[in-house]
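Engineer: Sharing a structure with you now.
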Amino acid sequence: MPFTREFDTDIEGFTHAQRDAASDIQRLERIRSEFREGFSLLRDVGPAICVFGSARITEGSEEYEQGRKLGTLLAQRGYAVITGGGPGAMEAANRGAYEAGGTSVGVGIELPHEQGMNPYVTISMDCHYFFTRKTMFIRYSDGLIVLPGGVGTLDELFEAQTLVQTHKTSPRAIVLVGVAYWSGLIDWLKNTVMKSGKIKEEDVQRFILTDDLEEAVRIVTSQQQRI
Ligand SMILES: C/C(=C\CNc1ncnc2c1ncn2[C@@H]1O[C@H](COP(=O)(O)O)[C@@H](O)[C@H]1O)CO
């Protein structure tokens with residue numbers, strides 16, 4: 001059940017501090033309700049792979065078709081596909097899974113003036129908070145496939161990497177599809193960040209680059225370590 005109550009803490013006679021406290025209590029309630037909804041929706045989904053990627057690619061483009069094929073390959077292997085439920089690469093991966101008769105999950109985000117949930121999901125919820133949504137992606141997936149994307153994709157990629165690197169979540173493969181697209185980032189991580197001692201080699205090696213969709217699926221589905 002979505003949490004719809006508007007915040008209204010402008011209560012006559014309240015000091016600033018009292019207003020802040022009241023709005024924090026409401027915020028906590030909303031966060032709790034969003035986590036509760038996500039946990040109960042996703043806990044029975046079974047083996048799942050999360051696919052991240054650009055919201056801006058369009059049907060018919062090579063990247064869209066890659067996402068769609070990935071969704072199909074994952075569903076054929078018995079994996080649910082979890083995405084952000086939006087357009088572009090999310091829609092493509094959901095669509096591939098949906099067309100193959102698989103479980104297709106969209107964990108959407110409430111954004112003003114944006115298309116809502118894509119029509120290819122079989123299980124869905126909308127989040128108000130990006131952080132609750134990212135918790136769902138990581139908590140309920142066994143591996144991650146990252147298609148070319150922008151800032152949103154990078155945020156999700158590095159959140160996942162940070163959680164694995166700091167042992168806040170179980171280890172899992174992070175496969176980047178698109179060697180030409182991602183090489184610059186990985187080279188920079190190796191040649192600048194790693195060389196100056198700010199990331200360990202084993203943490204850079206967690207990123208696996210490929211153009212081969214079958215290989216991407218084989219890697220993420222052979223390391224099922226979610227606990
Ligand atoms: C900007 C556009 C649509 C925005 N709608 C989104 N809906 C759902 N999820 C989104 C949306 N935009 C970003 N995300 C999340 O970030 C990743 C993609 O971001 P990027 O900056 O495009 O790489 C994606 O995995 C989503 O989880 C287009 O009309």
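Engineer: Taking Rh as the Kirkwood radius computed over C-alpha pairs, what is the Stokes-Einstein D of the chain at 4 °C in a medium of viscosity 1.567 mPa s, expressed in µm² per second?
Structural biologist: 70
Engineer: For residue 198, which aspartates and glutamates qualify as cross-link partners when the Cα separation must be under 15 Å and same-chain residues fewer than eight apart are set aside?
Structural biologist: 187
Engineer: Quick check: net charge around residue 219, other residues with Cβ under 14 Å of its Cβ, Lys/Arg +1 and Asp/Glu -1?
Structural biologist: -1
Engineer: Follow-up. Within straight cross-link reach of residue 200, meaning Cα distance under 28 Å, which lysines are found once same-chain residues fewer than 8 apart are removed?
Structural biologist: List returned: 134, 168, 190.
Engineer: Continuing with the same structure: Given H placed 1.01 Å from N in the peptide plane, which residues other than close sequence neighbours of residue 178 have an amide H under 5 Å from its amide H?
Structural biologist: 210, 211
Engineer: Moving on to the next point. Convert each backbone phi in region 161-175 into a coupling constant with the Karplus relation 6.51 cos²θ - 1.76 cosθ + 1.60 (shift: θ = phi - 60°), then list the ³J(HN,Hα) values in order as whole Hz, x for Gly and Pro.
Structural biologist: My calculation for region 161-175 gives 4, 5, 5, 5, 4, 9, 6, 7, 9, 6, x, 7, 6, 10, 9 Hz in order.
Engineer: Something else now. Kindly write out, for region 26-43 in residue order, the coupling ³J(HN,Hα) from the Karplus curve 6.51 cos²θ - 1.76 cosθ + 1.60 (θ = phi - 60°), rounded to whole Hz, with x marking Gly and Pro.
Structural biologist: Along region 26-43, the couplings run 5, 5, 4, 4, 5, 4, 4, 5, 5, 4, 4, 4, x, 4, 6, 6, 9, 5 Hz.
Engineer: Follow-up question, since we're still on this one. For a quick check: with amide H placed at 1.01 Å from N, whose amide H comes under 5 Å from residue 80's, ignoring anything fewer than 5 positions away on the same chain?
Structural biologist: 48, 49
Engineer: Out of residues 5 or more away from residue 122 or on other chains, whose amide H comes under 5 Å of its own, with H placed 1.01 Å from N in the peptide plane?
Structural biologist: Distant-sequence amide H within range of residue 122: 104, 105, 106.
Engineer: Could you check the simple spin-label distance between residue 203 and residue 179, using points 7 Å along Cα→Cβ, in nm with one decimal?
Structural biologist: Inter-label distance under the simple model: 2.7 nm.
No lab work stands behind these numbers, since they all come straight from the coordinates. These numbers come from a predicted model, not from an experiment. As a convention, Cβ positions derive from the backbone with ideal geometry for all residues, glycine included, and neighbour counts pool all protein chains shown.
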